[in-house]
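Throughout, read-outs are computed from the coordinates displayed, never taken from laboratory work. Quick caveat: nothing in here was measured; it's all calculated off a predicted structure. Note: ideal-geometry Cβ built from the backbone for every residue, glycine included; neighbour counts use all protein chains shown.
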Amino acid sequence: MDDFDPAPSPEINARPVKGRGAVGNVDHRFTNETRRAVDDGWQQAEPSLPQTRLHVDSAKSIISRNDSPDLGFDQSLNPYRGCEHGCIYCYARPTHAWLGLSPGLDFETQIFAKPDAPRLLREELAKPGYVCSTIALGTATDAYQPFERKEKLTRAILQVMLETRHPVSVVTKSSLIVRDIDLWAELAGQKLSHAAISLTTLDGPLARQLEPRASAPHARLEAMGELAAAGIPATALIAPLIPGINDHELEKLLAAAKEHGASSARYTVLRLPYEVAPLFRDWLNWHAPEKAARVMSVLYDLRGQRANDPNFGSRMTGLGHYAELLRQRFALACRRLALNHDWPQLDTTRFVPPPAGDARATRQLSLF
């Protein structure tokens, strides 16, 4: 792990990179000048593969709050910025633009860890005015991405949750979650935890193209089964549904989730905010050129003739006839499989704030 050096990665040729989601680095919306690679005929060697770097994010606070009516939670916590899973469709990619980095390959190769997250969480929970409500982990990154194996920030956060009896939920694409099944199960025994496993496709080759460093589909289903067997409420999040790419798998994904212990399910339709739209178009042109025009046409129809619809109520599921068809298919499949649409309600009455003195004791004292 090194200190943050706010410099974008070197220019990378716009071609698929093995093990990465984005085709290359795109300019973000805060860029004052545009750089383009120019082929002068002298370039003979293949461009070097982008290396993953872990930086320190010296965050001053750790809990984010929102009042969005369609999210289902009002507090979230992200122990990392960026995500090595490299899902091409990730709606969080544009957050790297705030760091002066590209939402393209930079988002999946320049990762920021928040080593102070457990301490900051303890301090915020100890504040006199804190009101307990479920904290969602991994809303703008995956809390169980590969670096978590070594950093163990998510595990440390769960230990704070267990100590304070605070309700917590997570959405992940990683089978690494089973490493912490002891903590998730103990929390679940007090109605304090819930896990959602994100499923996109059962097709292995397609998964490697869409989300190259996330756990394989079968590994996620096996993880879901282990969570359910341990008494942890498990939800299947079918996300995102992409017309012409994976939407035909909706019923199969739900059936597989039910078979592996899921008690509830939800779905979302692909969102293309800011720089995600050109990144996804490039991905289509490389991996599904024969479908690209049709896929984008249906997506624009779902979004009111725009690349992205930010409006509450429609941004998750889309607009129009195709969106209604998806809604009906999902409802019928869930009814047939006895899958709930709502996530379980967690208990907020057990919360015990950490002693304020303990929180202050972990903070460096002022010199003045």
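Quick notes on this structure:
- The average projected area of the chain, computed from the convex hull of its Cα atoms over all directions, is 20.5 nm².
- Stretching D203 away from L250 to a fully extended chain increases their span by 15.7 nm, per 0.36 nm per residue minus the current alpha-carbon distance.
- FRET efficiency for A338 and S68, using Cβ-Cβ distance with R0 set to 41 Å, rounded to 0.05: 0.90
- 3J(HN,Hα) from dihedral phi, the stretch 101-113, Karplus parametrisation 6.51/-1.76/1.60, rounded to Hz, x for glycine, proline: 10, 7, x, x, 5, 4, 4, 9, 10, 10, 9, 10, 9
- Lysines with Cα under 20 Å of K150, excluding same-chain neighbours fewer than 8 positions away: K114, K173
- Relative contact order for the stretch 53-343: 17 percent, from Cα pairs under 8 Å spaced at least 6 residues apart, divided by residue count.
- Counting neighbouring Cβ atoms within 10 Å and putting the fewest first, the residues H194, H96 line up as H96, H194.
- For the stretch 77-213, with +1 on Lys and Arg beta carbons and -1 on Asp and Glu, the positive-most of A97, L206, Q190 along the dipole: Q190
- Set K152/K191; K191/K258; K258/K291 screened for pairs whose C-alpha atoms are more than 28 Å apart: K258/K291
- For the chain, a Gaussian network of Cα nodes joined below 10 Å ranks G100, G231, G72 by mean-square fluctuation, and the top entry is G72.
- For the chain, the antiparallel share of DSSP beta bridges with both residues in that region comes to about 15%.
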